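A.B. asks: Below is a structure I'd like to ask you about.
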Amino acid sequence: MTLAERLAAYLSRTEGRAVVVENLARISGGASRETYRFDAISEEGRRPCILRRDPPGSLIDTDRRLEFLAIRSFLGRDVAAPHALVLEIEGGELERPFFIMGRVEGGAPASPFAVDPYGAHAAEIGEQFFSIMGRIAAEPVDALPILEAADRPAPEDCWRRELDYWAGVIDADELHPQPIVRAAIRRLRAAPPPPASKIAVVHGDFRTGNFLHDGAGRILAVLDWEMAHLGDPLEDLAWAMDPLWSRPGDPRISGMVTMDEALAIWSRASGLTVDRKALAWWRLFASVKGQAIWTSSAKAWLDGGMTEPILLFSGWLTARAQDEILARHLLELGPA
C-alpha cells in the first residue's frame, strides 16, 4: 500500500467512516519530522490537512506528544496556532508515530535570508510577530494541555536545564574542536541570569521563516512547535533576535522592526518587563543553541542517515556565521 492508502485506512478506521486521501505531497525542509500536505475526503467534505510523521532518525530529539499538546494549548487563544486534530503514538497503519493538524491555506513562509522579506508590510508583521510571542508568554500554564507532557522547571533552574541540554548536544555530536562556543558556554555558566520572572510556554523556534503570512501584512499561522517546552519566556525573545535571522547592516530584527520596538511590543502583549542583562544572557545562549543544532546537522549529513540539503548548508556555512555572532556577543559582554 502507498502512504496515501495507509493514511486513508487509518482515518477510515479511527473515524468510523470512509475517508479518501488525495494530493498527498511531501513538504521539503526540516529535520525533526516528515511533513506532508494532503486532503481528506469524506461524506462531510474536503479537509485540508498536514501530516507530521516521525522519521527513521531525527536531527533534534523532540517529543511529538509535547508538540501536539503545545499546538492544542493555543487553539483559539489569538496566537495563530494550527488546529491539532489527531495524535497517534503507536504509529498504526503509518508504522511510525505521527500527528495530523489542519492546513492553513493562502500563506507562505518568508526566507530568513531574503533581502526584504515583508516589504511595505514589515512593521505590521513585526507588530503581530512580537505580539503573538508576548501572548504566548502571557498565557497562564496551569490549565493548558501542554502540562500533560511538559516538565515544569523552577524559575531558578530554567537557564541551567536549557544550557545543560544544548551543551550536551555539542558534546555528543561535534566533529572537531569548537573553542568559540566552548568559551560562550563557560561564560554563560560563570554568570547565570536571574530566575525567570514567570514560567511560560516557550515555543522554542519562534523566528522568521517559521510562520505563514499572506503577503499583505497578516500572519496566518505559527509553525514548527517541535521544541516547545516550559521555561523562561526570554528564551523565545532572544532566539527571535539572533542576528543570524537578519540581514547584515539592517537595524531591524529579521527585516521587521528594531530591537527597541520589538521589546516594547512584546512587553505590552506579555505584561512582563524585560531585564536587559537577563536578555543579554539569553541572546548568548541562543547562539550556543544554534551552534548545537548546526553541529548536529553536520554530523547527521556525514553519517549518511539524513540527506536533506538543509543539513549540509547548516552544518558548515550557517555554523561559521554563528561562530562570528558568538564572538561578537562575547566581546560585548566582556569577562564574567
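A.B. asks: Would you confirm whether any residue within region 133-140 is at pLDDT below 95, more than 17 Å from the chain's Cα centre (by Cα) and not in a helix (DSSP H, G or I)?
C.D. replies: Scanning region 133-140, I find no residue that is at pLDDT below 95, more than 17 Å from the chain's Cα centre (by Cα) and not in a helix (DSSP H, G or I), so the answer is no.
A.B. asks: Let me spell it out: the conditions are (1) in contact with a Gly (Cβ under 8 Å, 6 or more places away or on another chain); (2) part of a loop (DSSP other than H, G, I, E, B); (3) surrounded by fewer than 21 Cβ atoms within 10 Å (Cβ to Cβ), and Gly209 meets all of them except one. Which number is the exception?
C.D. replies: (1)
A.B. asks: Also, quick follow-up: Regarding region 297-307, can at least one residue be identified that is buried (at least 19 other Cβ atoms within 10 Å of the Cβ), under 20 Å from the mean Cα position of the chain (by Cα), in contact (Cβ under 8 Å) with a residue 40 or more places away in the chain and within 22 Å of Pro192 (Cβ to Cβ)?
C.D. replies: No, region 297-307 contains no residue that is buried (at least 19 other Cβ atoms within 10 Å of the Cβ), under 20 Å from the mean Cα position of the chain (by Cα), in contact (Cβ under 8 Å) with a residue 40 or more places away in the chain and within 22 Å of Pro192 (Cβ to Cβ).
A.B. asks: To continue, here is another question. Do we have any residue at all in region 167-177 that's aliphatic (A, V, I, L, M), over 25 Å from Leu230 (Cα atoms) and assigned by TED's automatic domain parsing to the domain that holds Ile27?
C.D. replies: Initial filter on region 167-177 (aliphatic (A, V, I, L, M)): 167, 169-170, 172, 175.
Then drop every residue that is not over 25 Å from Leu230 (Cα atoms), which leaves 175.
Checking which are assigned by TED's automatic domain parsing to the domain that holds Ile27 leaves us with none.
There is no residue in region 167-177 that is aliphatic (A, V, I, L, M), over 25 Å from Leu230 (Cα atoms) and assigned by TED's automatic domain parsing to the domain that holds Ile27.
A.B. asks: Let me ask something else about it. Quick check: is even one residue across region 28-38 of a type in the set (Asp, Glu), at pLDDT below 95, touching a strand residue (DSSP E or B) at 6+ places or on another chain (Cβ under 9 Å) and assigned by TED's automatic domain parsing to the domain that holds Glu90?
C.D. replies: Let us first name the residues in region 28-38 that are of a type in the set (Asp, Glu), namely 34.
Imposing the further condition that a residue be at pLDDT below 95 reduces the set to 34.
Applying the additional criterion that residues be touching a strand residue (DSSP E or B) at 6+ places or on another chain (Cβ under 9 Å) yields 34.
With the extra rule that they be assigned by TED's automatic domain parsing to the domain that holds Glu90, the set shrinks to 34.
Scanning region 28-38, I find at least one residue that is of a type in the set (Asp, Glu), at pLDDT below 95, touching a strand residue (DSSP E or B) at 6+ places or on another chain (Cβ under 9 Å) and assigned by TED's automatic domain parsing to the domain that holds Glu90, so the answer is yes.
A.B. asks: Follow-up. Given the condition assigned by TED's automatic domain parsing to the domain that holds Leu188, in contact with a Lys or Arg (Cβ under 6 Å, 6 or more places away or on another chain), surrounded by 14 or more Cβ atoms within 10 Å (Cβ to Cβ) and more than 25 Å from Ala191 (Cβ to Cβ), answer yes or no: does some residue in region 313-325 qualify? Can you show your working first?
C.D. replies: At the first step, the residues of region 313-325 found to be assigned by TED's automatic domain parsing to the domain that holds Leu188 are 313-325.
Those left that are additionally in contact with a Lys or Arg (Cβ under 6 Å, 6 or more places away or on another chain): none.
No, every residue in region 313-325 fails to be assigned by TED's automatic domain parsing to the domain that holds Leu188, in contact with a Lys or Arg (Cβ under 6 Å, 6 or more places away or on another chain), surrounded by 14 or more Cβ atoms within 10 Å (Cβ to Cβ) and more than 25 Å from Ala191 (Cβ to Cβ).
A.B. asks: I'd like the full set of residues that are in contact (Cβ under 8 Å) with a residue 40 or more places away in the chain, in a strand (DSSP E or B) and closer than 19 Å to Ile41 by Cα, limited to region 81-108.
C.D. replies: Those that are in contact (Cβ under 8 Å) with a residue 40 or more places away in the chain, in a strand (DSSP E or B) and closer than 19 Å to Ile41 by Cα: Val86, Phe99, Ile100, Met101, Gly102.
A.B. asks: Of the conditions (1) touching a Leu at 6+ places or on another chain (Cβ under 9 Å); (2) part of a loop (DSSP other than H, G, I, E, B); (3) over 23 Å from Gln291 (Cα atoms), Leu147 satisfies every one except a single condition; which number is it?
C.D. replies: (2) is the only condition that Leu147 fails.
A.B. asks: Could you list, in sequence order, the residues of region 87-126 that are among the aromatic types (Phe, Trp, Tyr), crowded, with 17+ Cβ neighbours inside 10 Å and under 19 Å from the mean Cα position of the chain (by Cα)?
C.D. replies: Phe98, Phe99 - these are the residues of region 87-126 that are among the aromatic types (Phe, Trp, Tyr), crowded, with 17+ Cβ neighbours inside 10 Å and under 19 Å from the mean Cα position of the chain (by Cα).
A.B. asks: Of the residues Arg283, Arg268, which single one is modelled with pLDDT of 95 or more, of a type outside the set (Ser, Thr, Tyr) and loosely packed, with under 15 Cβ neighbours inside 10 Å?
C.D. replies: Among Arg283, Arg268, only Arg268 is modelled with pLDDT of 95 or more, of a type outside the set (Ser, Thr, Tyr) and loosely packed, with under 15 Cβ neighbours inside 10 Å.
A.B. asks: Of Gly107, Gly57, Gly76, which residue is in contact with a Phe, Trp or Tyr (Cβ under 9 Å, 6 or more places away or on another chain) and at pLDDT below 90?
C.D. replies: Selected residue: Gly107, the only one of Gly107, Gly57, Gly76 that is in contact with a Phe, Trp or Tyr (Cβ under 9 Å, 6 or more places away or on another chain) and at pLDDT below 90.
A.B. asks: Working carefully through the options Val181, Val169, find the one that is surrounded by 16 or more Cβ atoms within 10 Å (Cβ to Cβ) and in contact with a Lys or Arg (Cβ under 9 Å, 6 or more places away or on another chain).
C.D. replies: Val169
The values are calculated or read from the model by the stated rules, or taken from the named source; none is laboratory data. This structure is a prediction, so every number in the text was calculated from the model and none was measured. When we count neighbours, we look across all protein chains shown, and the Cβ atoms used for this are built from the backbone with ideal geometry, even at glycine.
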